[in-house]
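Quick notes on the structure that follows.
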Amino acid sequence: MYLIGNARVITRDPSQPYLEQGGVVVDGERIREVGEWAALQNKYPAASQINARRRVVMPGLINAHMHLYSTFARGMTLKDEAPRNFPQILERLWWRLDRSLTDEDVYYSALVALIDCIKNGTTTIFDHHASSGAVRGSLFRIAEATQKAGVRACLCYEVSDRDGDLVTEAGIQENREFIEHCARQERSTIRAMFGLHASFTLSDQTLKRCVQAMESTGGDTGFHVHAAEAPEDLAHCRRVHGCGVVERLTRLGILGSRSIAAHCVHVSDSEIELLAKHKPNVVHNPESNMGNAVGCAPVLEMARREVRLGLGTDGYTCDMFESLKAANLLHKHQSGNPSAGWAEPPSMLFEQNSENASERFGNALGQLVPGAYADLIIVDYDPPTPLCAENLNGHILFGMSGRAVCTTIINGKVVMAERKLVDLDEAEIAAKARELVVRLWQRF
């Protein structure tokens, strides 16, 4: 047991949202108590102490849509003409990359990104993986990396028809075996979903097989799928299936309350109603949508109509503070209204991501409350203006960033202390990654 204190504590607990001079008692993998620093010192005199030195203590951040495998694309030069649209981005970059990945690449690209997560205060990720040249065992290798790093993770493999029947079948089997593996083990830091790429690379027959495969595991993990990300996805769906992407996926039993629908940029009014009715977690990825020039998801309208909305990065960054800022700015720009986007992005990050992760991992996450998993961060931020329960989101938006995180604790374990990783040799991992990347770029 230990006590983190002498801190400005943001709890995300509506009954006690902020403590100016607070502390958190951690007992094993859970939070035991949150309260005033002096009172907790008196109550737990034998507990070891971590002095936050008046910095901010808050829940670890949750990334609801991530691609660890994208790490090795950083700094890479494409071999073709620069892409001019989304299909070309997929064909000239991401699909060539995932075909080139080896088992070892999968492991080290994950480790590098997980280090970035830790250093930026992201303690839980929902990852969506692809490595069509190394499908079998890939989720187990990523799980090995997440367990070594200590990051809480929900993993899946994106099934697609784009690489032929053998790869499709391998993806289905990888999801099924990993789901069954997670159901058998008792680790509180690893979970599984059933991954799908996107409507335009999946036939009705394959989607039906995936539903049957998921049901055969005896549970309902839900699906993690890209939905209506680009205009081309919508155009294909209308041309081939005579409907919108969300309508198609809902009709085939993909978008239930346990599923994640990433993006949902190109959705109709009636499809927003379907999302509100069936309650998948729609994950907004503002930087990715801007970077890929696919459009702006109508999340303000979705929020008004009570669609469940989370926030992710789509692999663009490991810094959820950055994603929060991008979402705030994008919707001001898109709407032409400087008052837009104040409430929705914080709700996505701090409320819906928390709710989704808590449901998935079976215990409270994203809150500093008694009994919750002890995932928390210390942020080096000294507010230049008063900080209180009513304005803390403004301080986070304008004053904090991932690189201000100095200590990261996951499941009660300190994985980074004062910017130093506890169990990982960052230099050694980076050196090995660079060695692998040279060979990958030659194969690419």
Assuming 1.567 mPa s and 4 °C, estimate D for segment 1-134 with Stokes-Einstein, Rh taken as the Kirkwood radius over Cα pairs, in µm²/s.
72
Over the Cα atoms of segment 1-57 the radius of gyration and the largest Cα-Cα distance (Dmax), both in Å, equal 10.3, 30
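Determine the gain in length on full extension of the stretch residue 216-residue 417; use 0.36 nm per residue of separation and subtract their C-alpha separation, reporting nm with one decimal. Walk me through the intermediate numbers first.
Numbers: separation 201, 0.36 × 201 = 72.36 nm, distance 4.31 nm.
Stretched out fully, the residue 216 to residue 417 stretch lengthens by 68.0 nm.
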0 to 90° range, to nearest 10: angle between helix 269-278 axis and the chain longest Cα axis:
60
Share of antiparallel DSSP beta bridges in segment 15-166, in percent to the nearest 5?
45
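Checking the a/c ratio against 1.5 first, then a/b against b/c, what shape does the Cα gyration tensor give for segment 255-327? Spell out each step's value before the answer.
Working: a/c = 2.02, a/b = 1.63, b/c = 1.24.
Prolate.
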For segment 71-82, just list the computed ³J(HN,Hα) in residue order, Karplus coefficients 6.51, -1.76 and 1.60, θ = phi - 60°, integers in Hz, with x standing in for Gly and Pro.
3, 6, 7, 5, x, 6, 9, 6, 8, 10, 4, 4
Apply the Karplus parameterisation 6.51 cos²θ - 1.76 cosθ + 1.60, with θ equal to phi minus 60°, to every residue of segment 114-119 and state each ³J(HN,Hα) to the nearest whole Hz, in sequence, with x for glycine and proline.
5, 4, 4, 4, 4, 6
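Using the C-alpha atoms of segment 73-129, what convex hull volume per residue, in cubic angstrom, is computed?
Numbers: hull volume 6.5 nm³, N = 57.
Enclosed volume per residue, from the Cα hull, is 114 Å³.
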Taking every DSSP beta bridge with both residues inside the chain, roughly what % is antiparallel (nearest 5)?
45
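Compute the whole-percent fraction of alpha carbon pairs in segment 105-242 spaced more than 23 Å apart.
Values: 3369 of 9453 pairs.
When every Cα pair of segment 105-242 is considered, 36 percent fall beyond 23 Å.
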For a quick check, take a GNM of the chain with Cα springs below 10 Å and name the residue from 308, 54, 434 with the largest mean-square fluctuation.
434
Along the Cα→Cβ direction, 7 angstrom out, place labels at residue 102 and residue 20. What is the inter-label distance in nm?
5.9
What share of all Cα pairs of segment 334-444, in percent, falls into each consecutive 5 Å distance bin?
2, 9, 12, 15, 17, 15, 11, 10, 6, 2, 0
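Could you order peptides 74-84, 195-205 by the average number of other Cβ atoms within 10 Å of their residues, highest first? Walk me through the intermediate numbers first.
On the way: 74-84: 10.4, 195-205: 21.0.
Top to bottom by mean Cβ count within 10 Å: 195-205, 74-84.
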Compare 132, 216, 70 in a GNM of the chain, Cα atoms joined below 10 Å, and give the one with the largest fluctuation.
216
Considering only 188, 259, 160, give the residue with the highest GNM mean-square fluctuation for the chain, with springs between Cα atoms whenever their separation is below 10 Å.
188
Counting other Cβ atoms within 10 Å of each Cβ, which GluC sites (Glu not before Pro) in segment 181-266 have at most 10 and sit in a DSSP loop?
186
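Let me check against my output: what whole-number percent is the relative contact order of the chain, with C-alpha pairs under 8 Å and at least 6 apart? Show your work: numbers first, answer last.
Numbers: 925 pairs, mean separation 88.3, N = 444.
Relative CO of the chain lands at 20 percent.
Would segment 61-361 count as rounded, prolate or oblate if I go by the C-alpha gyration tensor, calling it rounded below 1.5 in a/c and otherwise prolate when a/b exceeds b/c, oblate otherwise?
Details: a/c = 1.23, a/b = 1.16, b/c = 1.07.
In terms of gyration-tensor shape, rounded.
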What is the sum of charges around residue 348, taking Lys and Arg as +1, Asp and Glu as -1, for the other residues whose C-beta is under 12 Å from the C-beta of residue 348?
-2
Between 0 and 90°, nearest 10: helix 204-216 axis offset from the chain longest Cα axis:
40
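No value in this document is a laboratory result; all are computed from the given coordinates. Predicted, not measured: the structure shown is a model, and the values here were computed from it. We place every Cβ from the backbone using ideal geometry, glycine too, and count neighbours over all the protein chains shown.
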